[in-house]
Amino acid sequence: MNRKIRVMVIDDEESARRLMKAAIKWDELGMEVVGEAASGIEAINIIDEIKPDIAFVDISMPFMDGIEFTQTATGRYPNLIIIIMTAIDQFEYARKCVSLPVFDYMLKPMVRDEITKVLERAKEKISKQKDYWEELKEAAESEELADPQAGAGSTEMIERYLEENFTDSTLNLAFIAQHFGFSSSYFSRKFKADTGKKFVEYLNDLRMKKAMELAGSGTKMYLTASEVGIPDPNYFSRCFKKYTGMSYSDYVTENSK
């Protein structure tokens, strides 16, 4: 393949994510770990920028577990290879609950050789599908570029929709693109050209402006996080500090009415 296969690790245990990145000889497989997330909520928010081919997903996570993430992701990213990671006491639960196109289930603690074998199978599947999907993608994008009116909504309409629905924690670029009848790649380019901002930046602006308003009234952080569509307080805290330059508690102290 011309480029390395992109891998994402979604697990609320930092040690598990670190071990996964260190234990596998990614270069030899023609792969690279391009992103990680500590919850399904965080993964949904960043997955459009990371664009993984393969996602390792822990079944047991707070705020959005591996099953909920898988249910959301498989509808939006039909080519994404999902590998569920689960403890032995959750294994049957995983099999019963996920009647979805999961590539494989792996028991924790995982063995390096077993992970490598699963990745080799995943690589083979990606190689077989690559040419077909590239042709399909090029054909679809050619149609869209030839017809600027492709899709069912203007950018203004999409902006209004976002203003009314940004509190939905599962909302991201892929969802909006599908909802308004665009391909994700075409919509991403169109939205940036029309607004001057990447979609994720625009959505985050809406959420953080509301969060600042709530913080100014002294609302507790976990309530604000849930109110603005980022119910994972750890991820919300990082987003808030990046946006405002200060922690949520410091912002409340300085700005509370």
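No lab work stands behind these numbers, since they all come straight from the coordinates. Fair warning: this is a prediction, and the values are worked out from it, not measured in the lab. As a convention, Cβ positions derive from the backbone with ideal geometry for all residues, glycine included, and neighbour counts pool all protein chains shown.
Assorted remarks:
- Here the Karplus curve 6.51 cos²θ - 1.76 cosθ + 1.60, taken at θ = phi - 60°, turns the phi angles of the stretch 54-64 into couplings of 10, 10, 8, 10, 6, 6, 10, 9, x, 6, 7 Hz, with x standing for Gly and Pro.
- For the pair D168 and F103, label points projected 7 Å from Cα toward Cβ lie 2.8 nm apart.
- Farthest positive-ward along the chain dipole, Cα basis, beta-carbon charges - from S169, M246, A211: M246
- Lysine pair count for the stretch 171-230 [Cα-Cα under 25 Å; pairs on different chains or 8 or more apart]: 10
- Relative contact order %, the stretch 5-135, counting alpha carbon pairs below 8 Å whose residues are six or more apart: 22 percent
- Rel. contact order, % - alpha carbon contacts under 8 angstrom, at least six apart, the chain: 15 percent
- Spatially proximal lysines relative to K128 (Cα-Cα < 20 Å; intrachain offsets below 8 disregarded): K4, K51, K117, K137
- Computed FRET value (nearest 0.05) for I50 with Q178, which takes r as the C-beta separation and R₀ as 22 Å: 0.75
- Mean-square fluctuations from a GNM of the chain, with a 10 angstrom spring cutoff on Cα atoms, peak among D27, D168, D65 at D27.
- Simple spin-label estimate for A22 and E120 gives 2.5 nm between the two label positions (7 Å along the Cα-to-Cβ direction from each Cα).
- Comparing mean-square fluctuations of A215, A73, A193 from a GNM of the chain with C-alpha springs under 10 Å, the top value falls on A193.
- Distances between placed amide hydrogens fall under 5 Å for I82 paired with A55, F103, all partners being 5 or more residues away or on another chain.
- Prolate/oblate/rounded label for the stretch 202-252 (Cα gyration tensor, a/c 1.5): rounded
- Sites matching trypsin sites (Lys or Arg not before Pro) across the stretch 13-48 that sit in DSSP coil, with at most 15 neighbouring C-beta atoms within 10 Å: K25
- Per-residue ellipticity at 222 nm computed for the chain from its helices equals -18500 deg cm²/dmol, with DSSP H segments shorter than 4 residues left out and the rest contributing -39,500 (n - 2.57).
- Amide H contacts under 5 Å for I5: M31, E32, restricted to partners 5 or more places along the chain or on a different chain, H placed in the peptide plane at 1.01 Å from N.
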